[in-house]
Each structure stands twice: as C-alpha cells, then as structure tokens.
Amino acid sequence: MTRIQSFLVCALATLLVPLAGDRALAQADFPNKPIHFIVGFAAGGGNDLFARLVVQKFQENTGATAVIENKVGAGGRIAADYAAHQPADGYTVLVGATGQMSIATAVFPNLGYHATKSFIPLNMIASFPLVLVVPASSPIKSVKELVAWAKANPEKSNYGTSSPAFTIASELLKLKTGMPAVAIPYKSSNESNLSVVAGQVLFTISDGPPAMPLVLGGKTRALAVTGSQRSPELPEVPSMAEVGYPEVNTHLWSGFFVPTGTPAPVVDKLTKELGRALADPGVQDGLKKMAVTPGGPTGDAFKKLIDADIKTFADVAAAAKLTFK
C-alpha cells in the first residue's frame, strides 16, 4: 500500500468513526421525534381502533409523540407499500393486518413489498376467528347440513365475500368438504352478512364485529367459528375442529411492523414498549370488547407464523384456482 493509499484509508476511517457514533447515539436516544403509525384502513375500523388503543398507552408509558396516519386504499396495500419504502429508522411503524400482509404476499403477483422480507414483525396486536353464518330462517342447523344441502342443490349454492381473506376461508371449506359454492362479491363484510339476512346468498364467512350483532339479534344463525377454539362472544357456537373440519382454521390478526433494515436496538425498544402497552389491563379489556384475543407472538415467532400463513393461503388459492388482481 502506498503512502497516499494509507493516508486515504486513515482519512476515511476518521470520517466514518463520527458517523458510526452519531448512529449509535441516535439509536440510544430513540425516539427523539414523532413516530408515525401507518394504518391502511379508515378511521373507526377495527385496525384503526386497535392501533389507537395501544398507541395511546405506548405514548403514556414512554412520553414519545406518536401520530396515527390513515392511508386508505386497496385493502391496506397502499399503506403497506408506503411503509415498506420509508427510512428504516423506527419512526415509521406499519399497523399491518392479515389481508395486506400474509394474503397479499401469497396471492398478488405484482405486489411491491413482501410481508416478511420488506418488514420486521414486532408484536401481534390481536387475533380473531371468522364466523360462518346462514339465514336464521334456513333449515340448516350445522356445518354438516350445510355441506349436504350444497351438494344436493349446487345450482343454488353461493356465498358472500368482501375480501381475499373471506374468499380463501370459504374456498378452504369447499376444498375440505367437497361442497360446491359460487362467490358473490360485496363491498364490505357488513354487506355480505346483510345479504345472508336477505336470503341472497346461502352463507358467508366473515369477521366477528359485523356478524355477531345479527347472530345475537336472531337475524342469522352461526354454524361455526374457524379454528380449534370457540369464541367467548359466541360460546354456544362450535369450532370448525369440533364439527370435523380442523383444517378450516383461518384466523385474522393485526400487528406492528417496521421496514427491514431498522437497527436491532430500535426494534428491541419498540417491541418491548409496544408489548408493555399491550399488556396493560385497560388495553386488554378494550381489545376483548372488540371481540378479539389480545396479544400474540412477537419477533421471530410472529415472522414464522406469517410465513406459514403465506404458504397456506398460496396453496389454497392455487388449489381453488383463484386469481386476484
């Protein structure tokens, strides 16, 4: 190495040392400016309410300034794409849901991000099963009877759906039972539940908040909830595992994510403080009142769950020959 080369190496090292020190100081001082929590759904929706409940406690605990930003559109994918391309410094946190993360990664071929390659999962906020309902006036009283009726009346068998999540859950039921049913699209899960009340569709599988008031009000009949556990809000309704279809286990979840490349100390601090907020009894009670199970896996365990979801959803979509644009 020549003297000039040695001089340049030393000069570069001298310049880099302060930069590394500045980065370390910034990470130790985190957060020293507002953290933006990006929600891909409208204010007042489930994921927005989850975020506001937890983030409020996060602010109280840490003294940090947090801003909720609602970037609505494309089933949350606009928000996720935006968050994925922000600086990886911990000041942009995505409030991500199953549909825009696992399902979108599995079924949309030209997605501009990947749920676990573009993001680092932090904490699951909550999870919840889906509810299978038929009209209250229907003679069908069980999932077995629904399957039998659909097979006997294929020309009249259809279901309401308003998102890929509900379509995949319904198609999974078809795959595991051999029953026929044609998807009828609606703009929201509230609309698809009302279509059951009106007798426009044979059944729908959707999230609990729009389904349960109609079930409890005697307008629809719940035949099962997805997964292996009954819902505390519908204790008399069996799980899919109980009625003989354990593989129909679609659960939806919501969680916090940061862009890949976010420094480990910042990831650790966010995970710890968001976890502390989630563990608060008031936050737990607030989430339970929204018919969800609070908390869930964090970090690598959360990532493994998402990767498993992606494979399951991709397999179902391929087996059912579903295409999404």
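The values are calculated or read from the model by the stated rules, or taken from the named source; none is laboratory data. Predicted model, so just to flag it, every value in this text is computed and none were measured. We place every Cβ from the backbone using ideal geometry, glycine too, and count neighbours over all the protein chains shown.
Things to note:
- When Ala106 is tested against the conditions (1) of a type in the set (A, V, I, L, M); (2) out of contact with any strand residue (DSSP E or B) (no Cβ under 6 Å at 6 or more places or on another chain); (3) not in a helix (DSSP H, G or I), the lone failure is (3).
- Top-ranked residue in the stretch 235-265 [being among the acidic types (Asp, Glu) and over 23 Å from the mean Cα position of the chain (by Cα); ranked as surrounded by the fewest Cβ atoms within 10 Å (Cβ to Cβ)]: Glu236
- Yes/no for Thr262 being of a type outside the set (Asp, Glu) and in a strand (DSSP E or B): no
- Residue, nearest to Lys176 (Cα to Cα), within the stretch 308-319, restricted to residues that are surrounded by 16 or more Cβ atoms within 10 Å (Cβ to Cβ) and not hydroxyl-bearing (Ser, Thr, Tyr): Val316
- Matching option when the condition is surrounded by 18 or more Cβ atoms within 10 Å (Cβ to Cβ), within 25 Å of Ser239 (Cα to Cα) and out of contact with any helix residue (DSSP H, G or I) (no Cβ under 6 Å at 6 or more places or on another chain), among Pro139, Pro129, Pro135: Pro129
- Yes/no for Leu305 being buried (at least 18 other Cβ atoms within 10 Å of the Cβ), assigned by TED's automatic domain parsing to the domain that holds His85 and closer than 24 Å to Leu111 by Cβ: yes
- Of all residues in the stretch 294-325, exactly one satisfies the criterion of being at pLDDT below 90 and either touching a Pro at 6+ places or on another chain (Cβ under 7 Å) or within 14 Å of Phe256 (Cβ to Cβ) (or both), namely Phe324.
- Residues of the stretch 267-303 classified as in contact (Cβ under 8 Å) with a residue 12 or more places away in the chain and either small (Gly, Ala, Ser) or on the phi > 0 side of the Ramachandran plot (or both), total: 9
- Sole residue being without any contact (Cβ under 8 Å) to a residue 12 or more places away in the chain, assigned by TED's automatic domain parsing to the domain that holds Gln200 and more than 20 Å from the chain's Cα centre (by Cα), chosen from Pro135, Pro139: Pro139
- Within the stretch 203-234, considering residues that are assigned to a loop (DSSP other than H, G, I, E, B) and touching a helix residue (DSSP H, G or I) at 6+ places or on another chain (Cβ under 7 Å), the one surrounded by the fewest Cβ atoms within 10 Å (Cβ to Cβ): Lys219
- When Leu252 is tested against (1) at pLDDT 95 or above; (2) in a strand (DSSP E or B), only condition (1) is not met.
- Residue match in the stretch 153-160 (condition: buried (at least 23 other Cβ atoms within 10 Å of the Cβ), outside the structural domain of Ala181 (by TED's automatic domain parsing) and small (Gly, Ala, Ser)): no
- Hey, Ala291 in the same structural domain as Ser118 (by TED's automatic domain parsing), crowded, with 16+ Cβ neighbours inside 10 Å and assigned to a loop (DSSP other than H, G, I, E, B) or not: yes
- For the stretch 168-175, the condition of being without any contact (Cβ under 8 Å) to a residue 60 or more places away in the chain and closer than 27 Å to Ala42 by Cα holds for at least one residue.
- Residue list for the stretch 180-202, filter: modelled with pLDDT of 90 or more and part of a helix (DSSP H, G or I): Glu191, Ser192, Asn193, Leu194, Ser195, Val196, Val197
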